[in-house]
Every structure is written in structure tokens, then in C-alpha cells.
Amino acid sequence: MKKIEPLNLTISSSPHAHSSNSTAVIMRDVCIALVPALIAAIVLFGWRVLTLTAFSVAGCVFFEWGYRRMMKKDCTVGDWSAVVTGVLIAFVCPANVPYWMILIGDFFAIVVVKQLFGGIGMNIVNPALAARALMMFSWTSAMTSGAYHEVKLLDAVSSATPMEALAAGSLPNCSVLELFLGRCGGSLGEVSAAALLVGGAYLLIRKVISWRIPTAYLASVAVLTMLFPRGGNDFFDWMLCQLLSGGLLLGAIFMATDYTTSPVTHFGQLAYGVGCGVLTVLFRYFGAMPEGVTFAILIMNCCVGFFDKMGIPARFGAIKQKKKRGGETE
């Protein structure tokens with residue numbers, strides 16, 4: 001009889017699944033997915049987009065490194081989360097935003113929203129959107145001004161953003177095709193719907209994000225704007241302009257799907273996406289500012305625990321007990 005040697009087993013708490021995907025790998029995938037929108041912004045607005053984005057990334061990385069070093073904590077710059085935050089902060093700003101304003105947004109996002117709550121995975125709301133909210137409240141005119149790049153004249157020309165026209169109850173001056181390609185005013189990373197959809201497709205293929213949140217978000221906005229068009233406009237054109245304008249696609253694909261600030265249960269993700277869509281339409285229709293994506297996602301970030309609780313599946317074989325009036329269970 002062959003003697004079996006004893007096995008050395010390591011017992012640990014769940015989860016036991018192993019994956020080669022680390023935080024750094026996921027964040028690098030997000031950076032890759034943002035490259036098409038960055039290229040489109042450079043073509044539309046000029047080379048200042050590249051320097052502005054690089055400056056924002058450098059600011060976020062520096063603030064994270066400096067805070068962690070000052071607090072004598074492990075350096076987390078290598079996980080690339082600060083890089084993603086820096087790119088997204090630049091993307092939600094106009095191409096002519098001052099550098100000092102970007103730097104203040106970087107500090108607020110990294111130090112106040114992220115690090116003071118414990119670092120990556122501990123923040124309650126999305127850092128980039130929180131920074132945009134601060135900048136919009138502090139410098140509204142600078143953050144809501146739009147510019148587009150006229151290819152024939154090779155000159156940046158000030159123009160009203162499509163969201164300003166939609167907020168007034170009229171369709172934008174640009175066509176649906178121009179909205180899709182990005183030849184319109186707006187923040188530098190949100191104008192090209194085509195580039196954002198390419199990045200979203202990459203994230204879906206890489207399984208970095210789930211289809212539930214973006215689909216529920218965009219579908220709810222599409223249904224509500226189609227049912228309730230404004231200004232006597234054609235319902236289909238109104239719906240398309242709402243979907244392709246402003247930061248809706250950038251928010252639905254890259255912001256609302258943030259791991260830390262979004263639900264993990266399937267039903268919770270769908271409910272969360274619908275909630276983001278409903279609030280976005282309400283803010284766009286009745287809010288003081290033309291855009292509503294930022295505040296819709298931030299509010300829903302605070303409700304993630306509720307949506308996760310809603311989506312918890314029943315245990316296999318569990319029997320739900322009925323409650324009597326006195327609080328006792330049968």
C-alpha cells in the first residue's frame with residue numbers, strides 16, 4: 001500500500017476565486033478606453049487638450065503621492081487610479097479652462113474626496129465628478145462655456161453648447177451626425193459620442209464594466225425624453241440630441257460604472273442605472289444648470305448601499321417567514 005503524504009492546506013476566508021486582473025490592470029484598460037476620446041478632442045480643440053490632460057494627470061498623481069508620503073502610508077500611485085481621475089477631470093472641463101482651476105479640482109478629488117475617506121475603494125462618491133461639481137459651483141461661467149474647433153479656419157471659435165439649446169427647449173444648431181462625431185461645443189472629453197462608444201465597447205470586451213448600468217442609464221433617458229419632448233420638437237430628434245449631448249455617454253460609460261461607487265448586485269445595477277437616468281432628465285428639464293449628469297450620479301452614489309440591499313438574491317432553499325402584527329414570525 002502506497003503511503004500518502006499529508007497535504008499542507010491553507011484555510012482562509014472567502015472569496016477564493018483568483019484573477020489575474022489587478023487594480024492597475026483595470027485602470028490601464030480604462031486609460032486605453034479613454035484614448036479615442038482624447039484623440040477626438042485633440043482633433044476638435046487643438047493640442048492644448050493634450051497639455052491640459054497631462055497637467056491634470058500630473059496634478060492628481062502628485063497630490064496622491066504627497067498625501068500618502070505625508071501621512072506615512074504606502075504609495076498607491078502605481079495602481080493608476082490617480083491617472084484615471086486626472087484624465088476624467090480634464091475631460092469634464094472646457095478646452096479653455098485655466099490650469100490653476102484644474103489643479104484645484106485635482107486637489108479636491110484626490111485629497112478631500114478620495115484620500116481623506118481612506119483611499120481607493122473607500123470614497124463615497126466619484127472623485128472626478130465631485131471635483132466637477134465643486135468647479136461648476138465655484139466658476140460656473142468658466143465651466144459652462146463651450147468652444148468648438150473649426151477645421152477650415154483652424155481656429156477655436158466660441159459657441160453655445162448643445163445642452164444650452166436643449167435647456168431652452170430647442171434643438172441644437174448642429175445636426176445629429178455632428179453631435180455623434182463631436183463637431184459641437186462642450187467639455188473636451190464628452191463631445192464625441194463615437195469615440196466614447198468605441199471606448200465603451202473596449203471596456204465591455206475586456207469585461208471591465210458590465211452592460212447593465214450603461215444600458216439602464218441610457219435607456220431610461222431615451223424613454224423619458226421620447227415620451228416628454230419639449231418645445232414642440234419631434235420626439236425622435238429630441239431623444240437623439242439628448243443622448244448625444246453633454247456628458248451623458250461619458251457619465252454612463254466611465255463614471256456611473258466606477259467600482260467603488262456603484263452597486264455589485266445585478267438588480268442593484270439596473271435600478272441604479274434607471275435612477276441615474278431619471279435624475280438626469282429631471283435636472284436637465286427643471287434644474288438651474290443645463291446639464292444634470294454630474295449631480296444625478298453623485299446623488300445615486302450615496303444610495304449604492306440601498307440598491308445593493310435590494311438586489312441581494314435569496315439564499316438557496318431559504319423560506320421567507322411571514323411576520324405577524326405583533327412583530328413575531330410564524
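The values are calculated or read from the model by the stated rules, or taken from the named source; none is laboratory data. For clarity, every value in this text was computed on a predicted model and none was experimentally measured. In this analysis, Cβ positions are derived from the backbone assuming ideal geometry, glycine residues included, and neighbour counts consider all displayed protein chains. Only protein heavy atoms, including side chains, enter the accessible area calculation; ligands, DNA and RNA are left aside. Shrake-Rupley method; radii C 1.70, N 1.55, O 1.52, S 1.80 Å.
Side notes on the structure shown:
- Unmet requirement for LEU243, which otherwise passes all of (1) open to solvent by 30 Å² or more (accessible area, probe 1.4 Å); (2) modelled with pLDDT of 95 or more: (2)
- If you go through the range 277-302 and keep only what is among the charged types (D, E, K, R) and outside any loop (DSSP other than H, G, I, E, B), you end up with just ARG284.
- Residue identified as over 18 Å from GLY186 (Cα atoms) and either under 21 Å from the mean Cα position of the chain (by Cα) or assigned to a loop (DSSP other than H, G, I, E, B) (or both) among ILE102, ILE32: ILE32
- Given (1) part of a loop (DSSP other than H, G, I, E, B); (2) closer than 19 Å to ALA37 by Cβ, number of the condition GLY231 does not satisfy: (2)
- Scan of the range 31-89 for residues that are touching a strand residue (DSSP E or B) at 6+ places or on another chain (Cβ under 7 Å) and not small (Gly, Ala, Ser), ordered by number: LEU44, PHE45
- Just one of the listed residues (GLY247, GLY292, GLY231) is touching a Gly at 6+ places or on another chain (Cβ under 9 Å) and either charged (D, E, K, R) or farther than 21 Å from ALA130 by Cα (or both), namely GLY231.
- Only one of the listed residues (VAL176, VAL223) is open to solvent by 70 Å² or more (accessible area, probe 1.4 Å) and either closer than 27 Å to VAL49 by Cβ or not polar (S, T, N, Q) (or both). That residue is VAL223.
- When VAL274 is tested against the conditions (1) open to solvent by 20 Å² or more (accessible area, probe 1.4 Å); (2) assigned to a loop (DSSP other than H, G, I, E, B); (3) not polar (S, T, N, Q), the lone failure is (2).
- Selection status of VAL274, more than 19 Å from ILE209 (Cα to Cα) and at pLDDT 95 or above: no
- Residue check for ASP258: crowded, with 19+ Cβ neighbours inside 10 Å and acidic (Asp, Glu): yes
- Restricting the range 129-148 to residues that are closer than 23 Å to LEU179 by Cβ and at pLDDT 90 or above leaves a set whose member that is surrounded by the fewest Cβ atoms within 10 Å (Cβ to Cβ) is MET136.
- Lone qualifier among ARG284, ARG206 - being of a type in the set (D, E, K, R) and more than 29 Å from GLY119 (Cβ to Cβ): ARG284
- Candidate set: the range 61-101, residues that are in contact with a Phe, Trp or Tyr (Cβ under 7 Å, 6 or more places away or on another chain) and surrounded by 24 or more Cβ atoms within 10 Å (Cβ to Cβ); chosen: the one farthest from MET27 (Cα to Cα): ALA95
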